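Have a look at the structure below, then the notes.
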Amino acid sequence: METVGGTGMEVVMANPRSTAQIAGHPIHPMLIPFPVAFFVATFVCDLVFWQTANAAWATAAIWLLGIGLIMAALAAVVGLTDLLGDAQIRALNDAWWHAGGNVIMVLIELYNWYARYAEGTGAVVPKGLILSLIAVCIMLFTGWKGWEMVYRYRVGVADAAETRSRTISEPPRRAA
């Protein structure tokens with residue numbers, strides 16, 4: 001609850017809403033685990049390639065990187081929809097750090113993918129490995145900022161009144 005400018009009245013402010021949603025469930029949090037997993041797996045494949053020189057790991061890494069870029073693009077479109085769709089989200093400094101950091105990380109990974117495509121396994125060590133490490137470090141920061149938005153600012157979290165009204169009005173669901 002927040003107090004309205006010196007009036008002493010308390011007003012319940014609605015949580016910032018995710019504009020890209022399915023049946024009230026935000027889509028962005030459903031998509032982000034995929035690029036995170038693919039980019040971390042790319043880094044792991046790079047480490048294994050560095051130690052073994054087995055080209056299969058470099059091949060796996062470029063595929064993981066490419067699929068990660070596709071999933072990151074999908075997550076970015078949905079995240080941008082949320083960012084532009086709610087003034088409360090746009091007002092959050094963490095939202096801009098999250099978005100900007102992810103843009104930088106995706107550009108690094110895009111270059112990482114292109115270098116591997118153009119140069120083959122020669123681009124993996126040390127360039128690809130270092131780029132993958134930088135990307136994972138940036139993801140730690142942007143992931144922290146994303147969770148700050150959810151846990152501190154309740155972005156995309158259903159309002160308590162909305163949850164209560166849904167619980168009261170809907171009959172209990174039964175297993176089929």
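The values are calculated or read from the model by the stated rules, or taken from the named source; none is laboratory data. All of these numbers come straight from a predicted model, not from anything done at the bench. All Cβ positions, glycine included, derive from the backbone under ideal geometry; neighbour counts span all protein chains shown. For accessibility, only protein heavy atoms count, side chains too; no ligands or nucleic acids. Shrake-Rupley method; radii C 1.70, N 1.55, O 1.52, S 1.80 Å.
Structure above, values below:
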read-out	value
Test: residue in the range 90-107 that is within 20 Å of TRP63 (Cα to Cα) and more than 12 Å from the chain's Cα centre (by Cα)	yes
Output for the range 114-155, where each listed residue is over 19 Å from the mean Cα position of the chain (by Cα) and either within 22 Å of GLY79 (Cα to Cα) or open to solvent by 40 Å² or more (accessible area, probe 1.4 Å) (or both)	TYR114, TYR117, ALA118, GLU119, THR121, GLY122, VAL125, PRO126, LYS127, ILE130
The listed residue being farther than 30 Å from PRO16 by Cβ, modelled with pLDDT of 95 or more and among the acidic types (Asp, Glu), out of GLU109, GLU119	GLU119
Verdict on ALA23 being aliphatic (A, V, I, L, M) and either under 21 Å from MET149 (Cα atoms) or open to solvent by 60 Å² or more (accessible area, probe 1.4 Å) (or both)	yes
Any hit, the range 48-58, residues being under 26 Å from MET149 (Cα atoms), modelled with pLDDT of 95 or more and of a type in the set (Phe, Trp, Tyr)	no
Residues that are aliphatic (A, V, I, L, M) and either over 26 Å from ILE138 (Cα atoms) or in contact with a strand residue (DSSP E or B) (Cβ under 9 Å, 6 or more places away or on another chain) (or both), drawn from the range 12-55	VAL12, MET13, ALA14, ALA20, ILE22, ALA23, ILE27, MET30, ALA53, ALA55
Pairs, first on the phi > 0 side of the Ramachandran plot in the range 127-143, second assigned to a helix (DSSP H, G or I) and surrounded by fewer than 22 Cβ atoms within 10 Å (Cβ to Cβ), C-beta under 7 Å, six or more apart	none
Members of the range 44-63 that are of a type outside the set (Val, Ile, Thr) and open to solvent by less than 40 Å² (accessible area, probe 1.4 Å)	CYS45, ASP46, PHE49, ALA58, ALA60, ALA61
Selection count where residues are more than 15 Å from LEU131 (Cβ to Cβ) and under 11 Å from the mean Cα position of the chain (by Cα), scope the range 57-76	5
